[in-house]
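Every number in this text was worked out from the coordinates using simple rules, so none of it is lab data. As the structure is a prediction and not an experimental result, all values here were calculated from the model. Glycine also receives a Cβ, built like all others from the backbone with ideal geometry; neighbour counts cover every protein chain displayed.
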Ligand SMILES: Cc1cc2nc3c(=O)[nH]c(=O)nc-3n(C[C@H](O)[C@H](O)[C@H](O)COP(=O)(O)O)c2cc1C
């Protein structure tokens, strides 16, 4: 993405990256960059509507090009977020990547400009349209929203933009490739979802598996390996990275960077130091001096049709179990 990182390990967006103390510690433990906790599109829109109503009451018409920062009440979550960006920029040397969680190409996209003006080095869009939306016109129109959001945001900013996605697409490979060719600088594979469970005593819906496990690595590892060499931008791997070995595996699959979130909750922020140490020791043991010497070595870039390859592996695996 044109950013200089001292380590490929990035602190992914989560509650951990929503305050300056944690961000400073993460830098101390050796992260290459930080992705701030996401601001939700709904928060931005609600805030803008509130400001607009106030302005209209005082006879002021809200212009889309107005300095949003000046329009936001200082106690708002949005104003806090802008302050977090500027604090992070002031106190950190590592790149600061802001994040917006969005589901539409509504008027929030103007806000991307404010994020840039606040000093963010890059913007990560966490786009997740609910596949459970029965009101969507058609899969094609549904997917078009991803492209609309990206285009509108790219029109607003000159900082690099990355897009964090789910794997809920019919033709995941082709869709990721098309999205990677829109002018974005990075794809983040993958997002993590709310996973529901039932509490049998209270009969309530409760979240489960909020944090990932090391076993969750397989899905992102597989898709990083499939997409390496086939996309028009860099890939950042996210999900299931809990130790240095997982970092190395994602780099071998072809990731440019590797994001960590759950492991910071489970092991503490210092886990990053262990990952960097393991990566350095492993590289030394293999006589590698740079990441480029082995990045993508285990990818599927040389495989003509990963679908056929996958099918063969699947059949082989199940035969071996019989
Ligand atoms: C508690 C928690 C909060 C998260 N909040 C965000 C968020 O605000 N924005 C976002 O893009 N991802 C968020 N994520 C997703 C992580 O950035 C990451 O993509 C996902 O957890 C998979 O990586 P992991 O296995 O290292 O946790 C959150 C994850 C967790 C566990």
* **Pairwise label distance in nanometres, residue 87 with residue 317, each label 7 Å out on the Cα-Cβ vector** => 4.4 nm
* Structure fact -> Out of 119, 244, 274, a Gaussian network model of the chain with alpha-carbon springs under 10 Å gives the largest mean-square fluctuation to 274
* Structure fact -> As a percent rounded to 5, the proportion of antiparallel DSSP bridges among beta bridges in the range 9-321 is 15 percent
* Asked: When the label point is put 7 Å from the Cα of residue 158 along its Cα-to-beta-carbon vector, which residues of the range 112-144 have a backbone N closer than 12 Å?
  -> 117
* **Difference of contour (0.36 nm per residue) and Cα-Cα distance, residue 130 to residue 171** => 13.1 nm
* In nm, spacing of pseudo-spin labels at residue 245 and residue 79 (7 Å Cα→C-beta vector) -> 5.0 nm
* Gaussian network model of the chain, springs between alpha carbon atoms under 10 Å - residue of 275, 227, 203 with greatest fluctuation -> 203
* Structure fact -> the range 112-241: spread of alpha-carbon positions along the three principal axes, whole Å, largest first, is 52, 34, 33
* Rounded to whole Å, sorted largest first: equivalent-ellipsoid semi-axes of the range 243-295, Cα gyration tensor -> 21, 13, 7
* Structure fact -> Simple spin-label estimate for residue 202/residue 307, 7 Å along Cα→Cβ, in nm, reads 4.5 nm
* Taking 0.36 nm per intervening residue step and subtracting the Cα-Cα distance, what contour gain separates residue 286 from residue 145 on full extension? -> 46.3 nm
* Using only Cα atoms, find the angle between the long axis of helix 306-321 and the longest principal axis of the chain, and express it within 0 to 90 degrees, rounded to the nearest 10. => 50 degrees
* Cα axis of helix 217-227 to longest principal axis of the chain: angle in degrees, 0 to 90, nearest 10? -> 90 degrees
* **Helix 271-285 axis, angle to the chain major axis (alpha carbon atoms, nearest 10°)** => 40 degrees
* Give the distance, in whole Å, between the Cα centre of the range 164-190 and the Cα centre of the range 84-155. => 14 Å
* Asked: the chain: percent of C-alpha pairs farther apart than 33 Å?
  -> 29 percent
